Amino acid sequence: MRIGVLRGRENSFPDAVIAKVNSMDKGVAAEFVQLGGTKLNDPVPYRVILDRMSHEVPYYSVYLKMAALQGTYVINNIFWRCADDKFFGYCAAEKLGIKEPKTVVLPNRAYVEDVNDESLRNLWPADFEMYLSFVGLPCIMKPAFGGGWKDVNKIHNLEEMLFHYNTSGQKTMMLQELITWDAFIRVPTIGRRHARAIRYDPAPLGRGGYNQDYDALPRGMRDKAEELSLRFNQALGYDMNALEFAFKDGKYYGIDLTNYTPDLDYRSLKDAHFPWAVEKMAEFAVEKALWGALSGLISALLVFPIAAVVPATPVHLHVSWPILLTLVPLACVMCGAFGLMFGTRVEPRSVPAMFGIVLLPLTFLGAVYYSWATLGPVQWLKVVVLVNPLVYMSEGFRSALTTAPHMTLWAIYPVMIGFTALFMWLGVTGFRKRVLS
Ligand SMILES: Nc1ncnc2c1ncn2[C@@H]1O[C@H](COP(=O)(O)OP(=O)(O)OP(=O)(O)O)[C@@H](O)[C@H]1O
Ligand SMILES: [Mg+2]
C-alpha cells in the first residue's frame, strides 16, 4: 500500500511526512510521485496522494482528478479547489456561525484580450463610494484568490481605493472592514480533527511568525479558535488548512479561511509546531490508506449477517455432494482461466473500463439472480445468454444446492470444460506473448 506526495519548492514538510510514514511500520510506504505525461485512465498506484503543488501546476490537478476517480484519496480534495476563493470562504463561514468582517467583492478591472463591451453587458458601474461607506474607512483591499499577502492594502480614501483598483488588472478584488485586533490567531489544521491555534504576528513576504509558545494564547481562546476552525473544515471538507482569525472585543473574525495548500514549512512552524504537523499528517495519510482496505472487510461483515436475515422465507439448501465437489474445482479453474485471459489480452489501462463493459453485463445476464428457464418469455435472450459462461456456472450451483429447476447437467459440464479449455488456451498464449514481448 502506497502514499504518494506531490511537492513544490518546499523541502521540510513533504520529506518529513514521508520519513514519518515509512518509520511507522504499518505496511504503508510513502514516496514522491513521479509523473511525466499520463494516458487515459492510467492506473494510479497510490491509495492516498498528499498534494502540495497542484495549485501552481495545472497538469497535477488534471492528474489528481483522474486519481480521485480511481478511488485515490487526495489531500486536499482536488474538486474543492474551485471553491477556495476567500469570498466563498467568508460566505460559508458566516452561514456556519463564524463572524466575518463586512466584505464586498468587486467586478474585475481588466479581462483577457477577447473580452469587449459586448461581453460585459451584465455589468453595471459599481458604486465604489457606497461600498466604501458600507465597509467603513480605513478598510482592507485584497484579492479574492489571494495568498502570500500579495496586493493586500490598507485603504484610507476613495482615491487610494481607485488607485489600487485601477492597478489590479485581472485579479478579483474585495473591500473588507478593517479589524483592529487585540490578538491575531493562525490555526493550522489536519484531518478535520486536529487543530492548533497559535498566536501569530502577521507580516508580509513570508516574514509572519508563529509564536513558539503554544500557551501564549489563553486556553479558552485557543479552544474557541480551534473549534471554529474544525467546524469550518468539516463543513467544507478541508483535510489540511491554516485559518486566520482576528480577535477583537471577545469576537473571532474569520480573516483568511480557505488555504488549499497551507504553509506547513519548518521555517514558519519551527520546533514548537512543525513536529505536530508532520505527525498528524503522517497518521492521517496512513489511516486513509488503511481505511480503503478495511472498508471492504467491514462491508462484508455487515452484508453477510443481513443476507442471513433478509430473505422472507428461510433458505433451505439441498446439497448434492457429487455435483458440488466436481463443480467447485471446475468453476474455480474456469474463472482462473478467464482472469488469465482477461489480464493478458486486455490492455492494462482498459481494465477498469472493462469492468463496466464486460463484467457487469456478464453478471446480470449470468442467471445469477434468476434461473435460465425463466427467460422463456424472451426466447432470443434465452438463446443469446448461452455464450455467457456464468450461466452454466450459476445453473450448476442451482442444481448442486437447490431443488429449483435448472439446465441439464449434460450441457453444464461439457460447456464449462469447453470454456475452460478455450480461456486457458487464450490466457496462456496471451501470457506468453506478454512475457516475450
Ligand atoms: N479585514 C482585515 N482587517 C485587518 N487586517 C487584515 C484584514 N484582512 C487582512 N488583514 C491583514 O492582512 C494580512 C494578509 O491578509 P490575508 O491573510 O487575507 O491575505 P493572504 O494573501 O492570504 O496573506 P497570507 O498568505 O500571509 O495569509 C493578514 O494577515 C492581516 O494582517
Ligand atoms: Mg492570510
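The values are calculated or read from the model by the stated rules, or taken from the named source; none is laboratory data. From a predicted model like this one, the values you see are computed outputs, not experimental measurements. We place every Cβ from the backbone using ideal geometry, glycine too, and count neighbours over all the protein chains shown.
Pairs are defined by a Cβ separation below 8 Å, a sequence spacing of at least 6 or placement on different chains, a first member in the range 337-361 that is over 22 Å from Val44 (Cβ atoms) and assigned by TED's automatic domain parsing to the domain that holds Pro43, and a second member that is modelled with pLDDT under 80 and part of a helix (DSSP H, G or I); no pair meets this definition.
All of Ala307, Ala367 fail the test of being on the phi > 0 side of the Ramachandran plot and either surrounded by fewer than 17 Cβ atoms within 10 Å (Cβ to Cβ) or in contact (Cβ under 8 Å) with a residue 12 or more places away in the chain (or both), apart from Ala367. Here Arg81 meets the list (1) away from ligand 2 (no atom under 16 Å from the Cβ); (2) assigned to a loop (DSSP other than H, G, I, E, B); (3) touching a residue at least 60 places away in the same chain (Cβ under 8 Å); (4) buried (at least 17 other Cβ atoms within 10 Å of the Cβ) almost entirely, failing just condition (2). Considering only the range 246-269, state which residues are surrounded by fewer than 22 Cβ atoms within 10 Å (Cβ to Cβ), within 29 Å of the chain's Cα centre (by Cα) and more than 13 Å from ligand 1 (Cβ to nearest atom). Once the filter is applied, which keeps residues that are surrounded by fewer than 22 Cβ atoms within 10 Å (Cβ to Cβ), within 29 Å of the chain's Cα centre (by Cα) and more than 13 Å from ligand 1 (Cβ to nearest atom), the range 246-269 yields Tyr266, Arg267.
The residues of the range 200-253 that are under 16 Å from Ile179 (Cβ atoms) and in contact with a helix residue (DSSP H, G or I) (Cβ under 7 Å, 6 or more places away or on another chain), listed by number, are Leu243, Phe245, Phe247, Tyr252. Within the range 124-144, restricting attention to residues that are closer than 29 Å to Leu236 by Cβ and either surrounded by fewer than 13 Cβ atoms within 10 Å (Cβ to Cβ) or of a type in the set (Gly, Ala, Ser) (or both), the residue that is farthest from ligand 2 (Cβ to nearest atom) is Ala126. In the set (1) more than 12 Å from ligand 1 (Cβ to nearest atom); (2) modelled with pLDDT under 95, the condition left unmet by Leu162 is number (2).
Checked across the range 216-226, the condition of being within 14 Å of ligand 1 (Cβ to nearest atom) and either at negative phi or touching a Cys at 6+ places or on another chain (Cβ under 9 Å) (or both) holds for no residue. Cβ-Cβ contacts under 9 Å between residues 6 or more apart (or on different chains), taken from a first residue in the range 200-220 that is farther than 15 Å from Pro188 by Cβ and at pLDDT 95 or above to a second residue that is in a helix (DSSP H, G or I) and more than 16 Å from ligand 1 (Cβ to nearest atom), are listed as Asp213/Ala272; Asp215/Arg222.
Figure legend. Inter-residue proximity from the range 320-336: first residues surrounded by 17 or more Cβ atoms within 10 Å (Cβ to Cβ), second residues of a type in the set (A, V, I, L, M, F, W, C), beta-carbon distance below 6 Å, spacing 6+ or different chains. Indicated pairs: Ile323/Ala400; Leu327/Ala400; Leu330/Met416; Ala331/Met393; Met334/Met416; Met334/Phe419.
The residues of the range 243-295 that are modelled with pLDDT under 95 and of a type in the set (Lys, Arg), listed by number, are Arg267, Lys288. Here is the figure for the range 363-380: residues that are under 41 Å from the mean Cα position of the chain (by Cα) and in a helix (DSSP H, G or I) total 2.
Looking across the range 55-71, the residues that are closer than 21 Å to Val286 by Cα and buried (at least 21 other Cβ atoms within 10 Å of the Cβ) come down to Leu64, Ala67. The set of residues from the range 234-245 being in contact with a Ser or Thr (Cβ under 9 Å, 6 or more places away or on another chain) and within 11 Å of ligand 1 (Cβ to nearest atom) comprises Ala242, Leu243, Phe245.
When Glu118 is tested against the conditions (1) farther than 15 Å from Pro101 by Cβ; (2) in a helix (DSSP H, G or I); (3) in contact with a helix residue (DSSP H, G or I) (Cβ under 8 Å, 6 or more places away or on another chain), the lone failure is (3). Listed conditions (1) within 12 Å of ligand 1 (Cβ to nearest atom); (2) within 24 Å of Cys91 (Cβ to Cβ) are all met by Arg231, apart from (1). Scan the range 4-39 for residues that are free of Cβ contacts under 8 Å to residues at least 24 places away in the same chain and surrounded by 15 or more Cβ atoms within 10 Å (Cβ to Cβ) and the total you get is 3. Has the range 267-279 got any residue that is assigned to a helix (DSSP H, G or I) and farther than 30 Å from Pro188 by Cβ? No, the range 267-279 has no match at all.
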